[in-house]
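These notes concern the structure reproduced below.
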Amino acid sequence: LTVTELVSQTLDQIEADQKVLNDFITINRTDALSKAKEIDEKGIDPDNIWAGIPIAVKDNIITKGLKTTAASKMLGNFTPIYDATVVERLQAHDVIIIGKTNMDEFAMGGSTETSFFGDTHNPWDHTKVPGGSSGGSATTVSAGNSIAALGSDTGGSIRQPASYTGIVGVKPTYGRISRYGLIAFGSSLDQIGPMTRSVEDNAALLNIIAGLDERDLTSSDKEVPDFASKIGKDIKGMKIGLPKEYLGEGIDEAVKAVIQEAVQVLTDLGAVVEEISLPRSNYGVAAYYIIGSSEASSNLQRFDGIRYGYRADDVKSLEDVYVKTRSEGFGDEVKRRIMLGTYSLSAGSYDAYFKKAAQVRTLIINDFNQVFENYDLIIGPTAPTPAYAIGAEVDDPTTMYMNDILTIPVNLAGLPAMSLPAGFVDGMPVGLQIIAKPFDEETMYQAGAAFE
Ligand code: GLN
């Protein structure tokens, strides 16, 4: 099989499924095929397992010369003039960027229903959401059309869609991957991460995109280990905490049963799984929506109708340019976050909201630190329920926000975590979440691989 054949078959499948799944915003046919031809001509380096492999990239990760919209009308026709660091690193390994995936607008949402480009459909049941915000990336991998995809995770946007579509999704430690070229949402929370069918592929993909980047001062100079180095090693004696809050109220009974089975698998392999507590985790959602929205309100100031993307016509003054452009260019969910964030940061509310949320964040970090003094990993469900029907929750922001109750604390604490397929409820996949210590992705992958 030549790379050209592989890429052209992949494109045909993606285009055929696009009509039903709507998992792409842009399919990169012409460029992908010419890149494939180039690789065929130059020959594949046998040491580079990624050469010629088609990978899908979430549409908030910028790609030079390839439309990047963040699923917003605001950037509906935006073509970047440089590549994100992760994209440069993929290209250095001769990966083929097969297309840009659908998502919630500016990654704000958990169902891929806030996209300006329409809903994505879950490949397991087309009437259900794929989760979000990285719903398109999850869908193309789950449908078997892309070997891997990149997503971004601010409060669960890689792990939750991975859970809803039955794939492996990893949010690495904050700082593990450069955010240069990721359209910013909540800068202290955002991380790019790999979405794949297998744990091993996931570790391998993380290896080629991780590491220090001088263009992102929050990227870490910690050495990048071989993330697969512990895969296949015995987990006997490994100490794993199961937070009682993660199997408490609001979590679907059938989901709990799937997680109990996963606990049994780990116990049978010799791991020691014990109940622990993360007492402040229930305040995570409240703190996150203040902090995330505050950062978003600041990050989204740049979309002013002057420098990037959409500009309203028929404007009479500079004020008009701003107001009309932003009123017409942003969707409702994005506006809701900007209002919430601006309010929380305003002089009269800062102490009561932003400052309090920042204090709660510290308490949540302390909870994790305490548990990690005695445990190697923490496990639990990724999401309270399996995927739900398209349209069922989109008009009810508070219910939507609660769907991320189990993933958000991890972003607030900057920890690495993965979701991997653990079972099914009524024919829909359910994910197990594995949370590790900062920069200990290897142990997370080791435990994850025990399920394969
Ligand atoms: N669903 C969460 C939100 O809407 C998380 C989004 C994300 O991780 N990008 O903020």
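None of the figures in this text is laboratory data; all of them are computed from the coordinates on show. Quick caveat: nothing in here was measured; it's all calculated off a predicted structure. For neighbour counting, all protein chains shown are included, and Cβ atoms are generated from backbone atoms with ideal geometry for every residue, glycine included.
Tell me, 240, 158, 434 in order of fewest to most beta-carbon neighbours within 10 Å?
Going from least to most buried by this count: 240, 434, 158.
What are the aspartates and glutamates whose alpha-carbon lies under 20 Å from the alpha-carbon of residue 230, with same-chain residues fewer than 8 places away excluded?
Partners within reach: 200, 201, 268, 376, 440, 441, 442, 452.
What is the packing order of peptides 70-76, 231-237, 26-32, taking the mean over residues of other C-beta atoms within 10 Å and listing the highest first?
Listed from highest to lowest mean packing, they are 70-76, 26-32, 231-237.
Treating only the Cα positions of segment 156-295 as identical point scatterers, give the base-10 log of I(q)/I(0) from the Debye formula at each q in 0.13, 0.14, 0.18 Å⁻¹.
With one equal scatterer per Cα and no solvent, log10 I(q)/I(0) is -0.78, -0.91, -1.37.
Dividing the Cα radius of gyration by the Kirkwood radius, what Rg/Rh value follows for the chain?
Here Rg/Rh amounts to 0.96.
In Å, what Kirkwood hydrodynamic radius results for segment 234-375 from the alpha-carbon pair distances?
One decimal place: 18.8 Å for the Kirkwood radius.
When the Kirkwood radius is taken over all Cα pairs of segment 254-293, what Stokes-Einstein diffusion coefficient follows at 25 °C and 0.890 mPa s, in µm²/s?
The calculation lands on 193 µm²/s.
Quick one: grab Rg to one decimal and Dmax as a whole number for segment 3-209, Cα atoms only, in Å.
15.2, 44
Can you list the aspartates and glutamates whose alpha carbon is less than 12 Å from that of residue 58, not counting same-chain residues fewer than 8 positions off?
Partners within reach: 23, 104, 105, 153.
Please state, to two decimals, what the Cα-based radius of gyration of segment 1-77 comes to when divided by 2.2 N^0.38 Å (N = residues).
1.22
Taking the dipole about the Cα centre of segment 3-209, with the C-beta of Lys and Arg at +1 and of Asp and Glu at -1, give me whichever of 185, 48, 101 is farthest to the positive side.
185
What is the magnitude of the charge dipole of segment 82-206 about its Cα centre, with +1 placed on the Cβ of each Lys and Arg, -1 on the Cβ of each Asp and Glu, and no other charges, expressed in debye to the nearest 20?
220
May I ask for the distance between the Cα centers of segment 205-263 and segment 12-67, given as a whole number of Å?
28
How do the peptides 214-221, 177-184 rank, highest first, by the average count of neighbouring beta carbon atoms within 10 Å per residue?
With the highest mean Cβ count within 10 Å placed first, the list reads 177-184, 214-221.
Tell me, what HN-Hα J-couplings in whole Hz come from the Karplus equation 6.51 cos²θ - 1.76 cosθ + 1.60 at θ = phi - 60° for each residue of segment 16-24, using x for Gly and Pro?
Values per residue, Gly and Pro as x: 5, 6, 3, 4, 9, 8, 6, 8, 10 Hz.
Around residue 53, under 12 Å between beta carbons, what's the net of Lys plus Arg minus Asp minus Glu among the other residues?
Around residue 53, the surrounding residues sum to -1.
Just want to confirm a number: the relative contact order over segment 3-209, from Cα pairs under 8 angstrom separated by 6+ residues, in percent.
After rounding, I find 20 percent.
By counting other Cβ atoms within 10 Å of each Cβ, how are 21, 150, 212 ranked from fewest to most?
In increasing order of surrounding Cβ atoms, one gets 212, 21, 150.
Can you tell me the order of 120-126, 317-323, 78-84 when each peptide is scored by its average per-residue count of other Cβ atoms within 10 angstrom, highest first?
Order by mean packing, descending: 120-126, 78-84, 317-323.
What does the charge add up to near residue 97, with Lys and Arg as +1, Asp and Glu as -1, over the other residues with Cβ less than 9 Å from its Cβ?
Net local charge, residue 97 excluded: +1.
Compute the distance from the alpha-carbon center of segment 101-170 to that of segment 176-202, in whole Å.
What the calculation gives is 14 Å, centre to centre.
Quickly estimate the mean residue ellipticity at 222 nm for the chain, helices only: each DSSP H run with n ≥ 4 gives -39500 (n - 2.57), and the total goes over all residues, rounded to 500.
Mean residue ellipticity at 222 nm (helix-derived): -11000 deg cm²/dmol.
Could you list, in their original order, any pairs among 73/100; 128/244; 19/100; 37/67 whose Cα atoms are separated by more than 27 Å?
Too far apart for the 27 Å limit: 128/244.
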